[in-house]
């Protein structure tokens, strides 16, 4: 039984508490906290959580808490992760790991000091059955080496306050992780392209954007990124190999023939797209972290996604591919 | 150059003249006639046809005419076919060959007297690339023996005056031909089932209907038949073999993602569905009939479809499978 | 917390225990038993179940057990269900409810005596998201009244000892339930047709078979049934309404383009097809039975499936539709 | 009746002669020539062509020839086109119009001198029903403005002697035309990217390549280009608009379920992909050129494709978008 404390009781936090409580037999949520203490208290009552902590630091410090799940606001992630790692606790941190590569590097340094990985970053797509099957096929070698990825990530509505850079750091970040995972390769160069502005998107911010990446092996990746596509939440991914291609399947749905049209419904809410992946992800973390050897996306993976996002955001308007700059990979992560 | 005379200058007649004139180099339409002589005259002017005959009999009798195409009204087919065969001319007759099996048998007897097949019946689906590919796969034996066919034939609107029996003789007739062609098998028993009446169909007439057939080899066929489906012209056919299944492809169309829906357009007009099949059919007839050896659907095929339709229409309301009664197959047709 | 005792610790029994233990917070498996007592003991150890009972009757009698789950061998179902209902306990019984309609009627009589439904039968497809969406669309009325269902149920291999009748009672039984549930209609007539025997199936037993049903409203249902299709576990269902059709979606899978072929993998193991449905089903049962008002398939539903299967097996070889004979439906179930 | 002379009796030349002879009633092929005179003579015999000319210049000069079809080797196109235009004759020229933008400009100047367009370039995709339907949807405005195109053009085998630049000038040239036609927009910048080399492609030449284009309106286009994809001839095109997306349909094919796989066959020969488009294209040219007002792709369109290809080939290795440099568009072409 892994005793878990949760920092952040917002939507995704409560969903994860629900999963840990309902689906995962070897997990026990022993405590929680939130920036708004009332929210934490309500959540504790709802899910029968014993202890409400005043701060994330208190929660992390309590010896009762073996593992820390961080689902607080993005800017607060890094501090909590660092503190939990300092105390040698297992950590599950929702993406992003940190706002800056510098903060990621501090976390990495702390893990290196402990000489073991303690952190799993919430790149849940690695647990999606579709992506897992794609990886299995690529790794089997039956289609030869992977050469290209064509991907797109489309959201229906652009949330208020959503800025150009966030298209990379909050949306495309999932592709930045999943593409290198599929390819078993690292990024070398990156460039983001501005596209004719959709009248559906907020004036003054770039939408759509196109992300281009080149890997160490010379593979090319293009990612279309939309935050106001007007029709659905649509995630597509095609990997082109030497002998063939594979495509991420769409969620299935009833096929209707009516009104001279054959149609299937598309999802519009991102929350419906990767529910199975989230389930498997948390189960896997509890299993593996409980044994002190998390096997999911590491701090290094969080760092690489951050470094690629950095290069992309710096490239905007330059018309050039910029190098994705990274520190040397500690042996710990290989 | 095959010199062809056309009896019947209605819609399908003019379409075939257009094909013979425009697409088929070795065909020459030398004469035409129609129940409404004015129609024949106008058609002759439009397509540059030399001779307009007063009657079908005149056209058939003229030695100038080597081959006769019959696209007149259904009840008139048999008489014209019989007369043309009597004079030893090549005949292309739109389906149905005749209204009764008795008339079909007369035509067959006349061909037997000549000791060669002269007639091709307009079952154009045998020339559709989709059905042809299905047949190729079945005949290859790669999927084992065929065991069942599930088919449906759906029309958008029920024409005025359309009666229950015509669902079999004018609509399902195409399936009655194509199924035995696909299976290389003959019908043994047949039954038509009444179905909950669609409020879209004319009161007092059966629609939809379900056709059931059993073949000599024990294969089973079910055909859903609708004449007012309300959504499109939809032809589906699945052959189930011992090791797998094959499906007739839908016509392709642009794939649209919009309004939370992924969709393709369906056809609504039957005339758009088998245009390629018609093109290939007439080309083939001109080639083969020109050499005196038509290879398409024969009088026997027209007869079998008629006999199966008979059994089906007789079975209505009996709740039983009735035998499909046929004369012995003349050696000529094997 | 619903305290559940399990009778039958075979494959499906252990899977359900696993679900109840791992996924469903408000359920507690307090006891188990099995024909082979060793199996029950092992299962108890594996899942931390407190009590192992010598017999199903002992388990049912223990006041500690609030609800009984019956996953024992098919012929034993009825006796256990009857005894549990007699004691007023909630029951979840895997399909079939009983081997004979007579036994079903006894169970119904006992529920009527209690004047409340206590039994849920394991027709899990009602909880499959695909079927649920189909029902939602039909019930919305947007496509008009349902007129026909075309379904197929295909298994890869025919288990040893599998007999002709079992194709109906053990395989098509799922369609017998789901079709009337989709249509909100009852069966009137039924007929099973023999089909050309597949060389893949055991000599002397009918395979494939075709099931035909007519409902009170005149809707028609055809179900292709295969127990040795040679290619995959394939469940298909199309409902034809007055204005259009809807199809059950296939499980999704990676789309591969290679070797001049575009392909997706199909399932071959039935156990992979409805896992989500089983999860939702048990969760729903625990929720509703816990409150004393089960909302899933009732004894009546189990009875109707049994009555329809009876009519079908009696019809074999008669060439006739036989009436599906049922007692009057007790008010309890409406 | 348009009297046509053909320069170049190779594969595509003979196919076009076949179309003009067999499918198109208002066309007459009155003469032909070829670099290898024997080939021209054989072709003339095969298709009953009256006159064989010693040179293309002789053919163009003969007053008998009203319209010239140029299907000779690529480097010879420009000279013949220029000469035919000089004499005021209608011209159909297979792509490319010329090897250099300079040569295209000469042809344009000559048309401007005549003050009417005389040339149609063989960009047949504009006549493909799939692309036409895509354009219809875009032009309808129902999906809002077009923002991006994702396309790919994949060939199975790399012909001997096929060089890097030819990937652009001979393969992607079709996309260079169709994309601006779909978007009603002109190219501003262009860049070609080198991709990890496929082991299936000839050493030393770039394959795959990725083409990036930006239009005047800011729309972005990415085109994956492969000349040795190993699995099929695959043409894909998705246009992303403000409210949704549309995809070019694949050619349809029988759907097979066997061996735990659901599959359709893909084409492997490019010649099978656009046969309908070629048919419609030539019919349209004969109709319109016969009336002295060709409506298909003009010299200007040939020029723009050439200019874009130039920019792309110049950009290789620079890591930059280069401007697509063009002369001002003569009023003649708007």
**OP:** Considering each of B:60, B:6, B:49 in turn, give the residue that is touching a residue at least 12 places away in the same chain (Cβ under 8 Å), surrounded by 15 or more Cβ atoms within 10 Å (Cβ to Cβ) and within 14 Å of chain D (Cβ to nearest Cβ).
**Re:** B:49
**OP:** Sort out which residues of segment B:252-275 are touching a helix residue (DSSP H, G or I) at 6+ places or on another chain (Cβ under 8 Å) and either buried (at least 23 other Cβ atoms within 10 Å of the Cβ) or at the interface with chain D (Cβ under 7 Å from one of its Cβ atoms) (or both), and write them in order of number.
**Re:** B:252, B:253, B:254, B:256
Subject >> Candidate set: segment C:216-229, residues that are touching a helix residue (DSSP H, G or I) at 6+ places or on another chain (Cβ under 6 Å) and closer than 15 Å to residue C:321 by Cα; chosen: the one nearest to the other protein chains (Cβ to nearest Cβ) >> reply: C:219
Subject >> Residues satisfying the stated conditions in segment C:189-215, i.e. surrounded by fewer than 23 Cβ atoms within 10 Å (Cβ to Cβ) and more than 11 Å from chain B (Cβ to nearest Cβ) >> reply: C:202, C:203, C:204, C:205
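Quick one: how many residues across segment A:216-227 are buried (at least 21 other Cβ atoms within 10 Å of the Cβ) and in a loop (DSSP other than H, G, I, E, B)?
Going through segment A:216-227, the residues buried (at least 21 other Cβ atoms within 10 Å of the Cβ) turn out to be A:219-227.
Add one more test, that the residue is in a loop (DSSP other than H, G, I, E, B), and what stays is A:219, A:227.
Number of matching residues: 2.
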**OP:** Please indicate, with yes or no, whether at least one residue in segment D:160-177 is in contact (Cβ under 8 Å) with a residue 40 or more places away in the chain, part of a loop (DSSP other than H, G, I, E, B), within 14 Å of chain A (Cβ to nearest Cβ) and more than 20 Å from residue D:326 (Cα to Cα).
**Re:** no
Original post:
For segment C:295-316, does any single residue satisfy the condition of being assigned to a loop (DSSP other than H, G, I, E, B), at pLDDT 95 or above and more than 18 Å from the chain's Cα centre (by Cα)?
Top reply: yes
**OP:** Scan segment A:185-192 and give yes if some residue there is in contact (Cβ under 8 Å) with a residue 12 or more places away in the chain, part of a helix (DSSP H, G or I) and out of contact with any helix residue (DSSP H, G or I) (no Cβ under 8 Å at 6 or more places or on another chain), otherwise no.
**Re:** no
**OP:** Select, from D:133, D:175, D:110, D:105, the only residue that is at pLDDT 95 or above and surrounded by 22 or more Cβ atoms within 10 Å (Cβ to Cβ).
**Re:** D:175
**OP:** Working carefully through the options A:107, A:137, find the one that is in a helix (DSSP H, G or I) and farther than 13 Å from residue A:301 by Cα.
**Re:** A:137
Original post:
Restricting to segment D:230-249, what's the tally of residues that are outside any strand (DSSP E or B) and touching a helix residue (DSSP H, G or I) at 6+ places or on another chain (Cβ under 9 Å)?
Top reply: 3
Original post:
So which residues in segment B:279-294 are surrounded by fewer than 20 Cβ atoms within 10 Å (Cβ to Cβ) and either part of a helix (DSSP H, G or I) or not assigned by TED's automatic domain parsing to the domain that holds residue B:69 (or both)?
Top reply: B:279, B:280, B:283, B:284, B:287, B:288, B:290
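The values are calculated or read from the model by the stated rules, or taken from the named source; none is laboratory data. Please read all numbers here as calculations on a predicted model, not as lab measurements. Here Cβ is always computed from backbone atoms with ideal geometry, including for glycine, and neighbour counts include all displayed protein chains.
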